[in-house]
Each structure stands twice: as C-alpha cells, then as structure tokens.
Amino acid sequence: PLVLGAWVVGKVLVGIAALLVLGRGGRLAAPDFGALRRESRFIATIGLTNLIGLLNYRVGLFVIERTLGLSSTGIYSIAIVVAELLWFVSGSLTQAVYGRIGTPDRAQAAATTVRVVQLSVAALLPAAPLLWLAAWLLVPWALGPAYAASLPLLAVLLPGVMLFGGGAALSAYFTNHAGAPQVPAQVAAASLLLNGSLSIALAPLLGMAGVALAASLSYAGGVLWMARRFARHAGLPLRQVIWPGPQLMADLRLLRTMGRRP
C-alpha cells in the first residue's frame, strides 16, 4: 500500500504542477463543457478501447495465477513488462506523426500510416533481439536467478509484441482521421477474446509458455485484422500495407543519411 500510495501521490503532484505551469503561461483555456458533452460518445469509446487493450495485455496474468499460482505469475509478469518496452519505439514514431495521420486528406493520411507501420516494424525487428539479449544479461542479475525463467517466455512474446507495435499507427488512423474509434475497440475486444480463450486452453498443456504463445498469436491476429480493415477503408491492397515497398527503402536511406550528418 505504501508503494502504491507513493505512485498515486507522484502522479497527482506532477499533474497539478503541469496545470500550474500551463496556467501561468496563459496556455490553459477554460474547458468547453458543451463540446465535451457533444463528443462524450467519442471520448468514451476511446476510453473503453484503452481499457480493453489493458485487459488484453494482462489477461494472461489472471489465467496463470488461477492455474499455476503466484510464483509463476511473478515470473510471467517480468516477461510482459520487458516485452512491452518495444512499444516505446513504435509509440514514439506514431506520436511524431499523429497530426499528419489526422489530416482530412484520406490519401495523405493513408500513405503516412503505411509509412509509420512499416518503419515501426523495421525498427522493431533489430530492437527485439537486442532487447532479449539485454534481458538475458540484466534480469537474472537484477532480480535473481529464479527470474531467468522469464527469458524463454520473453522470446515467445516478442514476435507478437513486435507486430502489435506496428499496429499503433493503424489505430491512430481510425481514431484521428476516420473518426471511428469503434474499429480499434472491436479489434481489441476480438484480440482479448482470442487471448483469453487460447490462454485457458494452452495453460494446462504448456504452462506459462502456452499463455505467452496465446498472447503473441492474439496480438498478431489483431494487427492483421486491423490492417485488412485499414486497407479496405483506405482503398489500398493489403500487400501494400504489410509488405515493404520502395517508400520504406527511401525512408531507411534518408535515416542513414541523417545519421551521417554532423
């Protein structure tokens, strides 16, 4: 309770400090409650999507605790926390172009989304094995040898987490451009259902590895389904969305050129 209380107090204090700084600079306007009421359904859908997504990331923990006990839950939780570090990379790319994805021009929004999806996957492909290697070096040293058991689970989780990271831009497209946050909500709900069902089925057979496999498969399936819906909405062939093309090669060459500049 003391650790949780410290976490809550820290969040509250930072939020209050941010409000004070923004208010002092005149950058904090009074809330438009009429606009908030008009957009309440849109806002609630985004909140529900986030809640379903959080449950999707954690449903395996409940299944493991129920079937294998708290000790296994602690080991599996480390694999999840480390695997989700990959999303800092893809999330940063998506946030950097969030405004461009939200442009009213569908062709421009779709082209930007495809670029970010492919760049995210291209960035996560080398990042995933590097993350596993770092975990192999640091997790047993920092947490103790018992937590080395999380490393095989991490290896099973990383492919699905990597693909799921590429799907962040697809979610931004439906929410910020198309104004349809119900699409990410539906995909998240389907992924949660698949994740939970596979976890319950595989946990007695394969233990923690079965739950990790269920999560990885559900993440990958959710992203592929959303990519299909995006391609249909944007009027693009699915292959153009998921398969690297000339634009990705040009972006990578540009990044390499930028890296050589002083």
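For Ala185, neighbours were defined as the other residues whose beta-carbon sits under 15 Å from its Cβ, and their charges (Lys and Arg +1, Asp and Glu -1) total +2. The Rg/Rh ratio for the stretch 1-115, using Cα coordinates for both the radius of gyration and the Kirkwood hydrodynamic radius, is 1.06. A cut-off under 14 angstrom between Cβ atoms defines the neighbours of Pro246, and their net charge, with Lys, Arg +1 and Asp, Glu -1, is +2.
Given the Cα-Cα distance of Leu85 and Leu19 and 0.36 nm per residue of separation, how much length would full extension add, in nm?
Working: separation 66, 0.36 × 66 = 23.76 nm, distance 2.83 nm.
Gain on extension, Leu85 to Leu19, equals 20.9 nm.
Rounded to the nearest 10 square angstrom, Thr73 shows an accessible area of 20 square angstrom against a 1.4 Å probe.
Remark: spin-label model distance Leu138-Lys11 equals 2.3 nm, labels positioned 7 Å along the Cα→Cβ axis. Suppose only helical runs count, i.e. DSSP H with n ≥ 4. What mean residue ellipticity at 222 nm does that imply for the chain under -39500 (n - 2.57) per run, divided by all residues and rounded to the nearest 500 deg cm²/dmol? Calculated from helices alone, the mean residue ellipticity at 222 nm is -27500 deg cm²/dmol. Going by accessible surface with a 1.4 Å probe and the largest first, Ile43, Ile78 read Ile43, Ile78. If R0 is taken as 35 Å, the Cβ-Cβ distance between Leu36 and Arg256 corresponds to a FRET efficiency of 0.20.
How many angstrom lie between the C-alpha centres of the stretch 80-105 and the stretch 1-50? Each part's Cα centre sits 20 Å from the other's. Solvent exposure of the chain amounts to 58 Å² per residue of accessible area, where only protein heavy atoms count and the probe is 1.4 Å. Modelled label positions at Ala180 and Leu54, each set 7 Å beyond Cα in the direction of Cβ, lie 2.7 nm from each other. Ranking of Ile101, Ile200, Ile52 by solvent-accessible surface, largest first: Ile200, Ile52, Ile101 (1.4 Å probe, protein heavy atoms only, all chains present). Our estimate of slack between Leu193 and Ala148, defined as 0.36 nm per intervening residue step minus the Cα-Cα distance, is 13.3 nm. FRET efficiency for the pair Ala107 and Ala29, taken as 1/(1 + (r/R0)^6) with r the Cβ-Cβ distance and R0 = 41 Å, rounds to 0.80.
What is the packing order of peptides 216-226, 201-211, taking the mean over residues of other C-beta atoms within 10 Å and listing the highest first? Mind showing how you got there, number by number?
On the way: 216-226: 21.9, 201-211: 17.7.
Output ranking for 216-226, 201-211: 216-226, 201-211.
Can you give me the % of accessible surface on the chain that is carbon or sulfur? Probe 1.4 Å, all protein chains present, nothing else counted. Numbers along the way, then the final one.
Numbers: 10620 of 15150 Å².
Of the solvent-accessible surface of the chain, carbon and sulfur hold 70 percent.
Electrostatic tally near Gly196: other residues with Cβ closer than 15 Å to its Cβ, Lys and Arg +1, Asp and Glu -1, net +1.
The values are calculated or read from the model by the stated rules, or taken from the named source; none is laboratory data. Everything numeric here is computed off the predicted structure, so don't read it as measured data. Cβ coordinates were reconstructed from backbone atoms using ideal geometry, including for glycine residues, and neighbour counts include every protein chain displayed. Protein only, heavy atoms only, side chains kept; ligands, DNA and RNA dropped before computing areas. Shrake-Rupley method; radii C 1.70, N 1.55, O 1.52, S 1.80 Å.
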